[in-house]
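Colleague: Starting off with a structure, shown below.
Every number in this text was worked out from the coordinates using simple rules, so none of it is lab data. Since the structure is predicted, the reported quantities are computational estimates derived from the model, not experimental observations. Methodologically, a virtual Cβ is constructed for each residue, glycine included, from the backbone with ideal geometry; neighbour enumeration extends over all protein chains shown.
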Amino acid sequence: MHRELVTPRPGWQRKLDELGFDFYTLEGKAYWTEQACYVFTSDEIDELEASTEALHEICLKAVEYVVANKLWERMRIPPAWGDYIERVWRRGDPTLVGRFDLVYDGKGPPKLLEYNADTPTALFEAAVVQWHWLKDVKPDADQFNSIHEKLIEAWRGILRRLPPEALVHFARFDTQPEDLATSEYLRDTALQAGLAGKPLAVAQIGWNGRRFTDPDEMPIQVMSKLYPWEWMIRETFGAHVLGDTTAFIEPAWKLILSNKMLLPLLWEGFPSHANLLPAFDTEHPDLGGAFARKPIFGREGHNVTVVGPGVFDTAAGDYGAEGYIWQAYQPLPVLDGNHAVVGSWVIEGKAAGIGMREDERRITHNNSRFVPHYFAPGGDR
Amino acid sequence: MSRGIKLVLMGVAGAALLYSCAPAAGGGMGLLPWLWFLGNPFGRGPAVTAPATPGTTTAAPGTTTPDASKATPSQSQRGGFGGTGSQSGSSGSS
């Protein structure tokens, strides 16, 4: 794995606009950059793919463990939600998409930093935008990216479980460009799979005393939401979810996987797993003196603190009320001064592709740059 | 009561129920009954109909299916979700 400097395409902004990708700058800084790209060997891609699927498999075992042992208090999930989560888990309510954030330098196995299992973004960039970049800039190379095809196939599987007239509502914050793009892209793939989809803002979701409704008073049967479960469960309408009249994508059992308490749980269940870092729900000698402290319900790197010999970084935020976990610190590889993290996508339990993010800081946040990647088939660089 | 009278009464009751469910009735429920009383569709097992052929039933953004487009006259409460997000910004995980 290495970082390669490349010349941006002439008129690259126009090309991105034409794709509907209009947030290549965020808060005045570049969010998308094509002045560089990340290059992998096919063996490295194989390793990322295998590790991603192995991680997802043990994550599902962790869900079963939490449900079977009713570890709601440890997971900071209200016990009233336990029965609901167990019901949708046992029923097999479908999952569509998630993203592992991995630290990987090509020299050792990928290590799990966290699982964005509930509301992952940077999906459109990974599935579509970097693919078009590849076709323009490296047409003879390949890219670890079957996200689009796998999403459509996953929606077809969901369609088979729904009545033929089913309508999926896509709830999101319209004012957040990244959220909007992710939700609209999901809706587009659902439409391509044959489903009907209708957008709505999160604040427009209604409750008529029996069911969730949209602004036209239409009952919401299936809601693809880009709104975190840990927020929903404590808001006014949260209790109505327990009536189970609406199906959610992602389902509520994802609350176990998007929860940082998953990391100590995995380490207890699979100690010394090649793709895991030691993690604990308190400071622990096995952390080796260098750790990342993460809020149990945190987002976008907020309230993460990295501590080690000669290392300190912290990101402000409003998270942490539920407590923290401690994970052994594994530095991200630094290439040309950039800390690089691999976002590895999981669709229906299968590895589907990666998106690279980089930042000058150790802690990746929502504005960290997205950088395209490619790999040379056959293992050549 | 004779069997004939019972059948007539049952027929009248059935017709009244159907009428009450029709959107045009105004005071009716405004939606086909199953849509109201069935729960989470994933709780009903696989749909009995064959899946749509890919590419042949793609709906335009914002379009709806016939049954689902029937609105109810009741007014829902809104704003019960979104409070945390409006304070915290993006609700996605990038």
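Colleague: Looking at chain A, which longest stretch skips every one of the GluC sites (Glu not before Pro) that is in a DSSP loop with at most 14 other Cβ atoms within 10 Å, leaving the sites themselves out? Can you show the working numbers first?
Modeller: Values: sites that count: A:27, A:73, A:283, A:360.
The longest uninterrupted stretch comes out as A:74-282.
Colleague: Here's something else I'd like to know. Could you give the size of the charge dipole of chain A about its Cα centre, using +1 on the Cβ of each K and R and -1 on the Cβ of each D and E, expressed in debye and rounded to the nearest 20? Before the final figure, lay out the partial values.
Modeller: On the way: 39 positive and 55 negative charges, 115 e Å.
For this selection, approximately 560 debye.
Colleague: Most fluctuating residue of A:175, A:121, A:246 in a GNM of chain A with Cα springs under 10 Å: which is it?
Modeller: Top of the fluctuation ranking is A:175.
Colleague: Helix by helix through chain A, keep the DSSP H runs that span 27 Å or more along the axis on Cα and average at least -0.5 on Kyte-Doolittle, and give those back in order. Intermediate results must be reported in sequence, preceding the final value.
Modeller: Numbers: long enough: A:42-69 (40 Å, 0.02).
Flagged H segments are A:42-69.
Colleague: Please compute the net charge surrounding residue A:206, taking Lys and Arg as +1 and Asp and Glu as -1 over other residues with Cβ under 14 Å from its Cβ. Before the final figure, lay out each step's value.
Modeller: Values: positive: A:198, A:210, A:211, B:78; negative: A:214, A:216, A:217, A:235.
Charge balance near residue A:206 sits at 0.
Colleague: DSSP beta bridges in chain A, what fraction antiparallel, as a percent rounded to 5?
Modeller: Numbers: 50 of 68 bridges.
Among the beta bridges of chain A, antiparallel pairing accounts for roughly 75 percent.
Colleague: At 10 °C and 1.306 mPa s, grab the translational diffusion coefficient of segment A:149-191 from Stokes-Einstein with a Kirkwood Rh over Cα pairs, rounded to a whole number in µm² per second. Please list the in-between numbers first.
Modeller: Numbers: Rh = 11.2 Å.
Calculated translational D: 141 µm²/s.
Colleague: Return the long-range amide H neighbours of residue A:196 (sequence gap of 5 or more, or a different chain), with a cut-off of under 5 Å between placed amide H atoms.
Modeller: A:168
Colleague: Past 20 Å, Cα to Cα: identify those pairs from A:111/A:294; A:111/A:138; A:15/A:138, in the order given. Let's see the in-between values first.
Modeller: Values: A:111/A:294 16 Å; A:111/A:138 28 Å; A:15/A:138 16 Å.
Violating the 20 Å limit, Cα to Cα: A:111/A:138.
Colleague: To continue, here is another question. Please compute the alpha carbon radius of gyration of segment A:91-196, then divide it by the globular-protein estimate 2.2 N^0.38 Å. Two decimals is fine. It would help to have the intermediate numbers written out before the result.
Modeller: Numbers: Rg = 15.8 Å, N = 106, 2.2 N^0.38 = 12.9 Å.
Against the compact-globule rule of thumb, the ratio is 1.22.
Colleague: Here is a further query. Which of the trypsin sites (Lys or Arg not before Pro) found in segment A:79-140 are in a DSSP loop and have at most 11 neighbouring Cβ atoms, other than their own, within 10 Å? Let's see the in-between values first.
Modeller: Working: sites: A:87, A:90, A:91, A:99, A:107, A:111, A:135; in loops: A:107.
Here the sparse-neighbourhood loop sites are A:107.
Colleague: Just need the relative contact order of chain A here, percent rounded to a whole number, with Cα pairs under 8 Å and 6+ apart.
Modeller: On the way: 742 pairs, mean separation 95.1, N = 381.
After rounding, I find 25 percent.
Colleague: Sticking with this one: If you average the alpha carbon positions of segment A:142-174 and of segment A:224-294, how far apart do those two centres end up, in angstrom?
Modeller: 23
Colleague: Return A:179, A:216, A:286 ranked ascending by Cβ neighbour count within 10 Å, so the fewest neighbours appear first.
Modeller: Working: A:179 23, A:216 15, A:286 12.
Exposure proxy ranking, most exposed first: A:286, A:216, A:179.
Colleague: Let me ask something else about it. So what are the radius of gyration and Dmax for the Cα set of chain A, in Å?
Modeller: Cα radius of gyration and Dmax of chain A are 20.3, 61 Å respectively.
Colleague: OK, next. Within a Cβ distance under 15 Å of residue A:59, other residues only, what is the Lys/Arg minus Asp/Glu net charge? Don't skip to the answer; put the middle values down first.
Modeller: Details: positive: A:61, A:99, A:111, A:254, A:260, A:350; negative: A:53, A:57, A:64, A:101, A:114, A:118, A:250, A:268, A:348.
Cβ neighbours under 15 Å give a net charge of -3.
Colleague: Kindly provide the trypsin sites (Lys or Arg not before Pro) of segment A:169-243 that DSSP labels as loop, not H, G, I, E or B, and whose Cβ sees at most 16 other Cβ atoms within 10 Å. Each step should come with its number before you reach the end.
Modeller: Values: sites: A:172, A:187, A:210, A:211, A:225, A:234; in loops: A:210, A:211, A:234.
Those that pass, being in a loop and sparsely packed, are A:210, A:234.
Colleague: Take the residue pairs A:225/A:254; A:107/A:254; A:225/A:260 and return only those whose Cα atoms are more than 24 Å apart.
Modeller: Numbers: A:225/A:254 12 Å; A:107/A:254 31 Å; A:225/A:260 20 Å.
Beyond 24 Å: A:107/A:254.
Colleague: Oh, and also: Taking the beta-carbon count within 10 Å as an exposure proxy, list A:311, A:129 from fewest neighbours to most.
Modeller: Numbers: A:311 11, A:129 23.
The fewest-first ordering by Cβ neighbours comes to A:311, A:129.
Colleague: About its Cα centre, how strong a charge dipole does segment A:248-364 have in debye, to the nearest 20, once Lys and Arg get +1 and Asp and Glu get -1 at the Cβ?
Modeller: Values: 9 positive and 14 negative charges, 27 e Å.
That gives a dipole near 120 debye.
Colleague: Return A:188, A:17 ranked ascending by Cβ neighbour count within 10 Å, so the fewest neighbours appear first. List each step's numbers first, then the result.
Modeller: Working: A:188 20, A:17 12.
The order, fewest Cβ neighbours first, is A:17, A:188.
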